[in-house]
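Trainee: The following block contains the structure, expressed as C-alpha cells.
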Amino acid sequence: MKREMLAYFDRILKELLQEITPAMRPLLSYRKAYGNFHGPMDDVDLTNMQYEQQWVIQTQQRKGEHARKTVHALRRIKEGTFGICEGCGWDIEINRLKVQPTATLCIVCMRQAENPGAQGSWSENALRF
Ligand SMILES: [Zn+2]
C-alpha cells in the first residue's frame, strides 16, 4: 500500500480511537455509581437495574472490542502489514478498508470465516486468478 494511503488510514484510525475512548468514560462512571447504590429496592427497581447494568456491560464490551480492533489496525500500519489479509495474504480491497479500516480479512476470507462450508462465488474467485 502507498505511503499516502497508510497515512490516511493512520489518521482515520487514530480519530476513531479518540471517539471511542471518551465515549466509554460516562459508562464507567455510571456503572460505578450504580455499584455504590445501597437504597431499598423493590423487584421492579432490581429488574431495571439489572437490565441497565446488562446494557452498560454490553455497550462497553462492544466499544472495548472496537477499541481493540482499532489498536490492532494501528499496530499493523506500524508493522507494515496493514491492508494485507490475515487469511490469505492478498491485499484487502481498498474500498473495503475505506468502509471498515479495522478489517483484517479480504471479502473472500471474511465470507468463508462467516460461512465455513461455502466456497467463494465463481466471479469472486475469477477476479483473483
Ligand atoms: Zn483473504
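Here, each number is a calculation from the coordinates, and none is a lab measurement. Worth saying up front: this structure is predicted, and the values here are computed from it rather than measured. Positions of Cβ are backbone-derived with ideal geometry, glycine not excepted, and every protein chain shown enters the neighbour counts.
Trainee: Please list, in chain and number order, the residues 5+ apart from ILE84 or on another chain whose amide H is under 5 Å from its amide H, with Hs placed from the backbone.
Mentor: Placed amide hydrogens put ILE92 under 5 Å from ILE84.
Trainee: With a point put 7 Å past each Cα toward its Cβ, work out how far ALA113 is from CYS88 in nm, to one decimal.
Mentor: For ALA113 paired with CYS88, the spin-label model returns 1.4 nm.
Trainee: Could you name the lysines whose alpha carbon sits less than 22 Å from that of LYS14, not counting residues in the same chain fewer than 8 places away?
Mentor: Candidates past the 8-residue exclusion: LYS2, LYS63, LYS69, LYS78, LYS98.
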